[in-house]
Amino acid sequence: MSLTKGNKQATKRNRYSVLSSFYNFSINTVLPALPNPCNSAVIKKVFKRPQAIQWQIIDKETVDEIIFRTMNPRNRLMLELMARGGMRIGEVLNLTSNDIQDSSLTIQNPKSGRAEETVYVPRKILVRLSEYVKAKNIDSNSRIFPISYVAAWSMVRKAGRMVDIELRPHDLRRHAATYASRSGTPIEIVSKVILRHADLSTTQRYLGKVNDTEAIRWIETLYG
């Protein structure tokens, strides 16, 4: 505990795991009588890994209804960019008209640390986004959606209440990944193109748990 004081709990668990492995190696190779102090019930409880979070996955019909019932053009575009393009809410808020390309969007200073990233969204959304910029007379270096992070969060939550669900911005990004995966899109495309993750394991945590109804439907589609 003293060696990991001030570290995050995840770091403490990793250090504990390494130390436990070291003792097990020593016991299995040269010191069979040595007890592993990491096997103490109290110690195990302190460094217990929390249960994995089961994220809420919104089905396509619900997302379509939310978008259809959103009348405000600005809000609708923001919801579509998250739900159809897998964009993070911060990326949507930082978009400028300069970032609109012929067939994609450019993300400046992305979370990955790269100089920029490319987001592919349906052509019809790009067209409406360009039309919105023209209609609002937004200059090239100004943000397309000049609202705060808190205001954007509030907008998403209100959109979810229209269909009686508790909706968060990241739920839309997860929907984009899960819907693509369940529709047969290769996991590499979901990971590298839609979510733009560096690690495939991060993408796998995004994909929702398959329920019984979906399992039956897929089996029937394959073999029915």
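The values are calculated or read from the model by the stated rules, or taken from the named source; none is laboratory data. Since the model is a prediction, treat every value here as computed from it, not as a measurement. In this analysis, Cβ positions are derived from the backbone assuming ideal geometry, glycine residues included, and neighbour counts consider all displayed protein chains. Accessible surface areas use protein heavy atoms only, side chains included; no ligands, DNA or RNA. Shrake-Rupley method; radii C 1.70, N 1.55, O 1.52, S 1.80 Å.
How many nm is it between the label spots at Gln101 and Glu61, if each spot is 7 Å from the Cα in line with the beta carbon?
Result: 3.7 nm between the two label points.
What nm value, rounded to one decimal, do you get for the distance between Ser21 and Thr185 when each label is placed 7 Å out toward the C-beta?
3.4 nm
Amide H of Arg143: which non-local residues (sequence gap of 5 or more, or other chain) have their own amide H closer than 5 Å, using H built in the peptide plane?
Long-range HN contacts for Arg143: none found.
Going by average Cβ neighbours within 10 Å, how do the peptides 90-97, 77-84 rank, with the highest at the top? Before the final figure, lay out the partial values.
Details: 90-97: 19.1, 77-84: 23.4.
Result, highest mean Cβ count within 10 Å first: 77-84, 90-97.
Starting from the Cα of Asn7, step 7 Å along the direction of its Cβ; do the same at Arg217; then give the gap between the two resulting points in nm.
That separation, rounded to one decimal, is 4.4 nm.
With springs only between Cα atoms under 10 Å, which of Ile67, Ile165, Ile144 fluctuates most in a Gaussian network model of the chain?
Result for the chain, Cα springs under 10 Å: Ile165 fluctuates most.
Going by Cα centres, the range 65-126 and the range 151-197 are how many Å apart?
12 Å
Search the structure for amide H atoms under 5 Å from the amide H of Thr118, placed 1.01 Å from N in the peptide plane, and list their residues when 5 or more places away or on another chain.
Those qualifying (amide H under 5 Å, at least 5 residues apart or on another chain) are Ile107.
How about Lys192: which aspartates and glutamates have a C-alpha closer than 12 Å to its C-alpha, ignoring those fewer than 8 places off in the same chain?
Within the straight-line cut-off, Lys192 pairs with Glu117.
For an R0 of 45 angstrom, estimate the FRET efficiency from the Cβ-Cβ distance between Asn141 and Asn14 and round to the nearest 0.05. Walk me through the intermediate numbers first.
Numbers: r = 43 Å, r/R0 = 0.95.
Once the sixth-power term is evaluated, E becomes 0.55.
From the phi of every residue in the range 6-15, what ³J(HN,Hα) in whole Hz does the Karplus formula 6.51 cos²θ - 1.76 cosθ + 1.60 yield, where θ is phi - 60° and glycine or proline is x?
Ordered by residue, 3J(HN,Hα) equals x, 7, 5, 4, 4, 5, 4, 5, 5, 5 Hz.
Using a 1.4 Å probe on the protein heavy atoms, what percent of the accessible area of the range 128-210 belongs to carbon and sulfur?
The nonpolar share, carbon plus sulfur, comes to 54 percent.
Do the alpha carbons of any pairs in Lys12/Lys111; Lys60/Lys134; Lys12/Lys48; Lys12/Lys45; Lys8/Lys44; Lys60/Lys124 sit beyond 20 Å of each other, and which pairs?
Lys12/Lys111; Lys60/Lys134
I'd like the Karplus ³J(HN,Hα) series for the range 109-119: coefficients 6.51, -1.76, 1.60, θ = phi - 60°, whole numbers in Hz, and an x wherever there's a Gly or Pro.
6, x, 4, 5, x, 5, 5, 7, 9, 10, 10
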